[in-house]
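Let me give you the structure first, and then I'll get to my questions.
Bear in mind that the values in this text are calculations on the coordinates, not laboratory data. Model, not experiment: these values are computed from the prediction. Note that we place each Cβ from the backbone using ideal geometry, even for glycine, and neighbour counts take in every protein chain shown.
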Amino acid sequence: MKVLVVEDNKSASMIVCRIISSMGHETVHAESGEEAIQFFSESHYDLILMDVEMPGMNGFDTTRLIRKKSPDLWVPIIFLSANTADTYLTIGIDAGGDDYLSKPVKPAVLKAKIQAMSRIAHMQEQLAESNKNLARANEELQLLSCMDGLTSVVNRRGFDRQFDVEWRRTLREMTPLSVLMIDVDEFKGFNDHYGHLAGDDCLRVVAQALKGQLLRPGDMVARYGGEEFVILLPNTDINGAINVAQNIQKDLHSANIGYPHSSVSDRVTICMGIYCTNQLDANFDRTDKSVLLARADKALYKAKESGRNQFVVFESDGFENKSDEDKVEAKGVVLPFK
């Protein structure tokens, strides 16, 4: 326990500090109320022994300032005074004191008080540690409530929460925000043919392929539902989003999840729909962030309609049809793997 002894009389303070130190506690000596306030501001104390009669600021005024400085922090304060009048006790309690010892202090009485305060300090430490553990457990529960148990990426609830945060940041800082809506091609057929356990493994591999291309802390992949995922890319323009989409396709292609019964490819493939806030016109509704998801979802539908295994960028004036040789470079439709 760390004890601040506020006493202008050096002889008296030495006696008190020696008694406290003999009990195994640390002591700090302040010779005035002003010095006590300074010491209190610079360090934490478990107990304050406060002389009442001091030159300059007396013990009552010093206590009032300490309580005002830290209204939410309870540190026991015991007054020391030769004045034993009842009015002094009342003033001391009103000032924020917790107990009162008459001078000269009797060693046995002081030791008893210190022992009692030591138990209280220990209980406070245990309570603080319990509160810290509880806060840590609550944080972990909060994280678990926002995680998808199967794929270990963020779930729909976590996405909705973060989407709202990033949307507000985008509006405030005028930075681009890109969204990718993703669907595993013909996943129902994969499940039906190979079974749900294989389907679960497939979703895990897809999720890791998506997650593996998100290199910044603010980027997010979430399981949106079933075999559908969504990626959130803060401060990313449409070209950056396309680059991420291309890398995801390469990564998933390399993962080589066999699916010879697919009508699209000999392995599992995905469709992606992409939209970015910098494609919005100046008159868009700033309260409607769902427009990003809606347009990315329309692009995803177009990707499915156009043969799957590709990504499509929603364009304000519709979807452009490019020739095969233009598809890799085009923002409209990209078909890198067949």
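Expressed as a whole number of Å, what is the distance separating the alpha-carbon centroids of the range 229-267 and the range 1-78?
66
Which chymotrypsin sites (Phe, Trp or Tyr not before Pro) does the range 228-316 hold that lie in a coil by DSSP with at most 13 other beta carbons within 10 Å?
The qualifying sites are 284.
Kindly put 185, 51, 72, 86 in sequence by how many other C-beta atoms sit within 10 Å of each C-beta, fewest to most.
Result, fewest neighbours first: 72, 86, 185, 51.
Considering the range 168-317, what Rg and Dmax in Å follow from its alpha-carbon atoms?
Rg then Dmax for the range 168-317, in Å: 15.6, 49.
How would you classify the chain from its alpha-carbon gyration tensor, with a ≥ b ≥ c the square roots of the eigenvalues: rounded for a/c under 1.5, else prolate if a/b is greater than b/c, otherwise oblate?
prolate
Ignoring everything except DSSP H segments at least 4 long, calculate the 222 nm mean residue ellipticity for the chain; use -39,500 (n - 2.57) per segment, divide by total residues, nearest 500.
Value at 222 nm, helices only, nearest 500: -15500 deg cm²/dmol.
A further question on this structure: Determine which residues of the range 95-129 fall in the zone a paramagnetic label at residue 69 would reach in this model, i.e. backbone nitrogen under 16 Å from the point 7 Å along Cα→Cβ.
96-97
On to the next question. What is the range 156-334's relative contact order, in percent, from Cα pairs under 8 angstrom and six or more apart in sequence?
24
Across 5 Å bins from the origin, how do the percents of Cα pairs in the range 2-130 run, short distances first?
2, 11, 23, 25, 22, 12, 4, 1, 0
Still on this structure, I have one more. Going by how many other beta carbons lie within 10 Å of each one, how would you line up 145, 265, fewest first?
Result, fewest neighbours first: 145, 265.
Further question on the same structure: Which angle between 0 and 90 degrees, to the nearest 10, do you get for helix 196-212 versus the longest principal axis of the chain when only C-alpha atoms count?
The two axes meet at around 70 degrees.
Given the Cα-Cα distance of residue 130 and residue 21 and 0.36 nm per residue of separation, how much length would full extension add, in nm?
36.4 nm
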